[in-house]
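Visitor: Please find one structure pasted underneath; my questions will follow.
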Amino acid sequence: MAGFADDLMHYMLHYRKIGLLVGKRTWGGLVHTADTPPFVDGGSAIAPRGGFFARDGKWAVENEGVAPDIDVENWPKNVVDGHDPQLERAVAEAMRMLKEHPVDRASKEPAPPTWGVRPKRGQ
């Protein structure tokens, strides 16, 4: 992802404690632009219009970003060698978490639903 959606997604994942953030701090931009009227020559002026504040009433993320739970650098040498340290660490953490908290999956599929099924003639 890129831009403010990236920062907001990371902020919300962290705020809601949905999972671990692995990688580097986001760039810290949630101010958006809007209502940019065109100039007569076809150009336009873009100015910041709105920011983001948290539930505690304080400005958040802007110029600060969202820090990861696990900071992992993606060095060019690793990437050239065919590795993605951030992805590899994220997968390792996911596997660790699954081992610590196994998923309790149903082993048998339930019977098909009967609502909306017309009875056969003569029944």
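The values are calculated or read from the model by the stated rules, or taken from the named source; none is laboratory data. Bear in mind that the values here come from a model prediction, so they are computed numbers and not experimental data. All Cβ positions, glycine included, derive from the backbone under ideal geometry; neighbour counts span all protein chains shown. Note: accessible area is taken over every heavy atom of the protein model, side chains too, but ligands, DNA and RNA are not part of it. Shrake-Rupley method; radii C 1.70, N 1.55, O 1.52, S 1.80 Å.
Visitor: If ligands, DNA and RNA are left out, what is the accessible area of Lys24 with a 1.4 Å probe, given in Å² to the nearest 10?
Guide: 90
Visitor: Rounded if a/c is under 1.5, else prolate if a/b beats b/c, else oblate: with a ≥ b ≥ c from the C-alpha gyration tensor eigenvalues square-rooted, which is the chain?
Guide: oblate
Visitor: Sticking with this one: In straight Cα distance, which lysines are under 18 Å from Lys77, not counting same-chain residues fewer than 8 positions off?
Guide: Answer for Lys77, where 18 Å is the Cα cut-off: Lys24, listed by chain and number.
Visitor: What do you get for the angle between helix 85-100 and the principal long axis of the chain? Use alpha-carbon atoms, 0 to 90 degrees, nearest ten.
Guide: 40
Visitor: Quick one: accessible area per residue over the chain, 1.4 Å probe, rounded to a whole number of Å²?
Guide: Result: 86 Å² per residue.
Visitor: Could you give the length gained by full extension between Thr114 and Lys99, i.e. 0.36 nm per residue of separation minus their alpha carbon distance, to one decimal place?
Guide: Roughly 1.7 nm would be gained on extension.
Visitor: In the neighborhood of Val22, defined by Cβ-to-Cβ distances under 13 Å, what is the net charge if each Lys or Arg adds +1 and each Asp or Glu adds -1?
Guide: It works out to a net charge of -2.
Visitor: For a quick protection proxy, order the peptides 38-51, 98-111 by their average other-Cβ count within 10 Å, most packed first.
Guide: Taking the mean over residues of other Cβ atoms within 10 Å, the ranking is 38-51, 98-111.
Visitor: Within the accessible area of the chain, what % is carbon and sulfur when the probe is 1.4 Å and the other protein chains stay in place?
Guide: 58
Visitor: Name the residue from Thr114, Ala34, Gly65 whose Cα lies farthest towards the positive end of the charge dipole of segment 1-114, charges +1 on Cβ of Lys and Arg and -1 on Cβ of Asp and Glu.
Guide: The residue sitting most towards the positive pole is Thr114.
Visitor: While we're on this one: Measure nothing fancy, just the Cα-based angle from helix 4-15's long axis to the longest principal axis of the chain, in degrees from 0 to 90, nearest 10.
Guide: So the inclination is approximately 60 degrees.
Visitor: Still on this structure, I have one more. Under a Cβ-only charge scheme (Lys and Arg +1, Asp and Glu -1), can you give me the dipole magnitude of the chain about the Cα centre, in debye to the nearest 20?
Guide: For the chain, the charge dipole is close to 1040 debye.
Visitor: Which one, Asn78, Ile46, Met9, projects farthest toward the positive side of the charge dipole computed for the chain from Cβ point charges (K/R +1, D/E -1)?
Guide: Met9
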